[in-house]
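Data first, discussion second: the structure below is written as structure tokens.
The values are calculated or read from the model by the stated rules, or taken from the named source; none is laboratory data. A quick note: this is a predicted structure, and the numbers were derived from the prediction, not measured. Ideal geometry is used to build each Cβ from the backbone, glycine not excepted, and the neighbour counts take in all protein chains shown. SASA here: full protein model, heavy atoms, side chains in, ligands and nucleic acids out. Shrake-Rupley method; radii C 1.70, N 1.55, O 1.52, S 1.80 Å.
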Amino acid sequence: QVQLVESGGGLVQAGGSLRLSCATSGHTFANVAMGWFRQAPDKEREFVGAHSWSGGNPWYADSVKGRFTVSRDNAKNTMYLQMNSLKPEDTAVYYCAADPIGDPSKGDDYRYWGQGTQVTVSS
């Protein structure tokens, strides 16, 4: 059974940092792209960042570029999202996803999803 499990969310003050983890099991994702998405209340799901399997540079949404970093440890079957300089507008449920059939920035293209972890940034 394929599972993606996010962890590391919580409440943090503006300007603070959090590190999210996405642990995978039941399938080897070392050779596929993985991504992070988020959804705030009453808003559409949006792309945050993604990392290819080939070791190339990750790519990011403009809203998080320079503040967030996506990385992965294929030996541990885990992807990370380091979030620095957090802002109240970063408050959302954060989801990891794996194995897109097309564009890694498009959520509808992903085959597998985690259940999400809440990130709340207070002002």
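Under the rule a/c < 1.5 gives rounded, and otherwise a/b versus b/c splits prolate from oblate, where does region 53-123 land using the Cα gyration tensor? Numbers along the way, then the final one.
Numbers: a/c = 1.66, a/b = 1.48, b/c = 1.12.
Taking the square roots of the gyration eigenvalues as a ≥ b ≥ c, region 53-123 is prolate.
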Is region 5-75 rounded, prolate or oblate when judged by the Cα gyration tensor, a ≥ b ≥ c being the square roots of its eigenvalues, rounded requiring a/c under 1.5 and prolate requiring a/b larger than b/c? prolate
At 1.4 Å probe size, what's the solvent-accessible area of E6? Round to the nearest 10 Å². 10 Å²
List the residues of region 40-77 whose backbone N lies under 17 Å from a point placed 7 Å from the Cα of A30 along the Cα-to-Cβ direction. 52-56, 72-77
Tell me, what ³J(HN,Hα) does each residue in region 88-105 have, in order and in whole Hz, if you take phi through Karplus 6.51 cos²θ - 1.76 cosθ + 1.60 with θ = phi - 60° and put x for Gly and Pro? x, 6, 7, 4, 4, 8, 9, 10, 9, 9, 9, 6, x, 8, x, 6, x, 8
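Can you tell me the dipole magnitude for the chain around its Cα centre, using point charges on the Cβ only (Lys, Arg +1; Asp, Glu -1), in Debye to the nearest 20?
Values: 11 positive and 12 negative charges, 63 e Å.
I would put it at about 300 debye.
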Of all accessible surface on the chain at a 1.4 Å probe, what whole percent is carbon and sulfur? 45 percent
Based on the alpha-carbon gyration tensor of region 1-46, what equivalent-ellipsoid semi-axes (square roots of 5 times the eigenvalues) come out, in whole Å, largest first? 25, 15, 10
Contour minus Cα-Cα span, K76 to Q1, at 0.36 nm per residue, comes to 25.3 nm
I need the phi-derived Karplus couplings for region 20-29: 6.51 cos²θ - 1.76 cosθ + 1.60, θ = phi - 60°, integer Hz, Gly and Pro marked x. 8, 10, 10, 8, 10, 8, x, 6, 8, 9
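Remind me, relative contact order of the chain in percent, using alpha carbon pairs under 8 angstrom and six or more residues apart? Before the final figure, lay out the partial values.
Details: 316 pairs, mean separation 42.9, N = 123.
Across the chain, relative contact order equals 35 percent.
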Could you tell me the number of lysine pairs in the chain with C-alpha atoms less than 19 Å from each other, where the two lysines are 8 or more residues apart or belong to different chains? 4
What ³J(HN,Hα) values, in whole Hz, does the Karplus curve 6.51 cos²θ - 1.76 cosθ + 1.60 give for region 77-86 when θ = phi - 60°, with x put for Gly and Pro? 6, 9, 10, 10, 9, 8, 10, 10, 6, 5
